[in-house]
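The values are calculated or read from the model by the stated rules, or taken from the named source; none is laboratory data. Predicted model, so just to flag it, every value in this text is computed and none were measured. Cβ placement follows ideal geometry from the backbone for every residue including glycine, while neighbour counts extend to all protein chains displayed. Side chains are part of the model used for accessible areas, which takes the heavy atoms of the whole protein and leaves out ligands, DNA and RNA. Shrake-Rupley method; radii C 1.70, N 1.55, O 1.52, S 1.80 Å.
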Amino acid sequence: MKNLEQELKNYYRSKRLDSHRVTAMQASVHEVGRTRHSVSYLIPIAAVILLTIGIGLWLHISTDSSLTHQVVAEIGHNHRQHGALVARSDQYGVVQNALSELDFPIRPRREELVQDFVLIGGKYCTIQGSRAAQLKLSHRDSGIIHTLYVFPMADKAKGVEPGIYETDGMQVELWTDRTLVYGLARDR
């Protein structure tokens, strides 16, 4: 029996791993542990980055939306004011000359607007701190009075979202072209 025991011991000793292979395996296990440890730090960092991006986008969208609603509210407020017009004319050139402090054209570039409405006259106003033209228009078919606002697309106004909005019983349509913002207001 002793001979069998000795044979088994000899056999298993011959199957033993070299010490450099054992060391390599231990190092590999240790490296996997370090990698898991490193990854465990990355998960919270990635979560913070994604959360920051999400909050930034939300703030950007809500700021743009808020700016649009501020412009709509300001247009609505100005539309309700019935102050005297600086110039009364159905000619855009005449009103443009009377509003000489404006350095932008007041005639809308939407041709259907010019065709569907008759200009009554205009005056100065401000929208978001920018000097604007406030033009009174009469719809050719219905006779309903609308107010058209034209103002430069300054840095602040670049976030205005075009669309049709309702505010305090009136409808305000906003649109832009390359350099100007337009707002058309009418009572509902």
Next item on the list: Please get the size of the charge dipole for segment 100-188, origin at its Cα centre, with Cβ charges of +1 on Lys and Arg and -1 on Asp and Glu, quoted in debye to the nearest 20.
Entry: 220
Next item on the list: Take Asp177, Asp103 and sort them by solvent-accessible surface of the protein heavy atoms, 1.4 Å probe, largest at the top.
Entry: Asp103, Asp177
Note to self: Rounded to two decimal places and with Rh computed the Kirkwood way over Cα pairs, what is Rg over Rh for segment 82-173?
What the structure shows: 0.95
Note to self: Sorting check: for 107-117, 144-154, which peptide has the highest mean count of neighbouring beta carbons within 10 Å, and how do the rest follow?
What the structure shows: 144-154, 107-117
Margin query: Against the empirical 2.2 N^0.38 Å scaling, what ratio does the C-alpha Rg of segment 124-175 come to?
Written below: 1.26
Next item on the list: Note the full-extension length gain between Ala27 and Asp90 as 0.36 nm times their separation in residues minus their Cα-Cα distance, in nm to one decimal.
Entry: 13.8 nm
